[in-house]
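Everything on this sheet refers to the single structure shown next.
The values are calculated or read from the model by the stated rules, or taken from the named source; none is laboratory data. These numbers were taken from a predicted model, which means no experiment stands behind them. Cβ placement follows ideal geometry from the backbone for every residue including glycine, while neighbour counts extend to all protein chains displayed. Please note that ligands, DNA and RNA were not included when accessible areas were found on the heavy atoms of the full protein model with its side chains. Shrake-Rupley method; radii C 1.70, N 1.55, O 1.52, S 1.80 Å.
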Amino acid sequence: MLNFNELPTRLCRPTRRQTLRGIGAGLLASASTLLSHSALAEGSTVAFVPKFTSDPYFVSANHGAQEAGKALGLTVHYNGPVDADVAGQVDIVDRLVRSGVSAISICALDPTALAPSLLRARRKGIKVNTWDADVTPNAREVFLNQASYSAIGNAIVDIMAKGAGTSGDFVMVTGSLTASNMLAWMKAIKDTIAAKYPGMVIKTTLLGEQDIQKGTDITLNYLRSHPETKGVFTVDGVAEVSVAEAVKQLGLSGKITIAGIGVPNSIRPYIKSGIVKEAVLWSPVDIGYAAIYITKAQLDGTLDPAKGSVAAGRLGNLKFTAKDEILLGPPLIFTQANIENYHF
């Protein structure tokens, strides 16, 4: 029987080449472990789901999502209902879950209606995040907020106060009474008024259902019957266009102040004509871009609130404002002076 204790020392001691090979193998194994999540994420399919595909705002968000997907090696599918149809969005999510996509990044039409479908997605191991409009928190891992609700509310109310004064009767027009972002902006506007301009009175809230013609009609009818109205708050980009068109048709430019959310390509003619003096938003291109970078971090397993931020390519590091919420940044204010700098 061979006695290993009697083997020459030189046979038992590894050669320099063997040692280097062992070290190299160890380093390669470590590197492989570190990169395995990233390698798995690369080439994954991400469903980028807007509220509805016909709105230029969401088309712009998709441009940013595709830009990020290309940079990160992800396949990004833009898929949503044509119009603001909650049941249609739920059906699309259900089909995505069955198709086995790697991740779903969604702007929700309704915070609770989408939750069961997204919970099923999470149980199947599909990564889920929301952007622009959130869902019930347990139905997703993280929410990308385009700008803090309080910052949006403050900016909109200050625009109104500048144009219409700090007291009198006002009306609000919104696209939805269920969308979480619109509800949060309405609350932020009302909270800001209570804190800063208690003389402002919002008499009622009108529902335009994110339909330009319907929003125009309800605003026309209201302003005709309430000529004392000093201003109109708008809580989505479609409402801003509707209200501006109603003010134009009534010949009330300069007499009615419009303050709210506005998309540059949609409100450009109203800004240039002076019907709308200032409008508030953020870059939808950037929010789509950031949503996909967040998705990539989820797929890689590197999204960690304890780090305080997440890397987002050309946008730099985006900060966590809560353990499950990331902030895109401060709101943008569009005016005659800068509107031509933005094309989305």
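Listing for the model above:
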read-out: Reciprocal mean inverse distance between Cα atoms of the chain - Kirkwood radius, Å; value: 22.1
read-out: Anisotropy class of segment 110-152 from Cα gyration tensor, a/c 1.5 cut; value: prolate
read-out: Sites Arg122 and Ile212, calculated FRET efficiency, Cβ-Cβ separation with R0 30 Å, nearest 0.05; value: 0.25
read-out: Pair Arg314, Thr204: separation of 7 Å Cα→Cβ label points (nm); value: 4.6
read-out: Rotationally averaged projected area of segment 149-281 (alpha carbon convex hull; nm²); value: 6.6
read-out: Reachable aspartates and glutamates from Lys319, criterion Cα separation under 20 angstrom, eight or more residues apart if same chain; value: Asp132, Asp134, Glu141, Asp286, Asp300, Asp304
read-out: At 1.002 mPa s and 20 °C, Stokes diffusion of segment 190-344 via Kirkwood alpha-carbon radius, µm² per second; value: 122
read-out: Within straight-line cross-link reach of Lys277, lysines at Cα separation under 28 Å, skipping those fewer than 8 residues along the same chain; value: Lys51, Lys162, Lys187, Lys190, Lys196, Lys203, Lys214, Lys230, Lys248, Lys255
read-out: Of all accessible heavy-atom area on the chain, the percent that carbon and sulfur account for (1.4 Å); value: 55
read-out: Exposure rank, largest accessible area first [Glu141, Glu228; 1.4 Å]; value: Glu228, Glu141
read-out: Counted charge near Gly199, where neighbours are those whose Cβ lies closer than 12 Å (Asp, Glu -1; Lys, Arg +1); value: +1
read-out: Kirkwood Rh and Cα Rg combined as Rg over Rh, evaluated for segment 120-227; value: 1.08
read-out: Net lengthening on full extension, Ser150/Thr112 (0.36 nm per residue, minus Cα-Cα); value: 11.4 nm
read-out: Net lengthening on full extension, Val82/Asn138 (0.36 nm per residue, minus Cα-Cα); value: 17.5 nm
read-out: Distance cut-off 16 Å, percentage of C-alpha pairs in segment 173-251 lying past it; value: 49
read-out: Local net charge near Tyr289, Cβ-Cβ under 10 Å (Lys/Arg +1, Asp/Glu -1); value: -1
read-out: Degrees, to the nearest 10: 284-300 long Cα axis against longest axis of the chain; value: 30
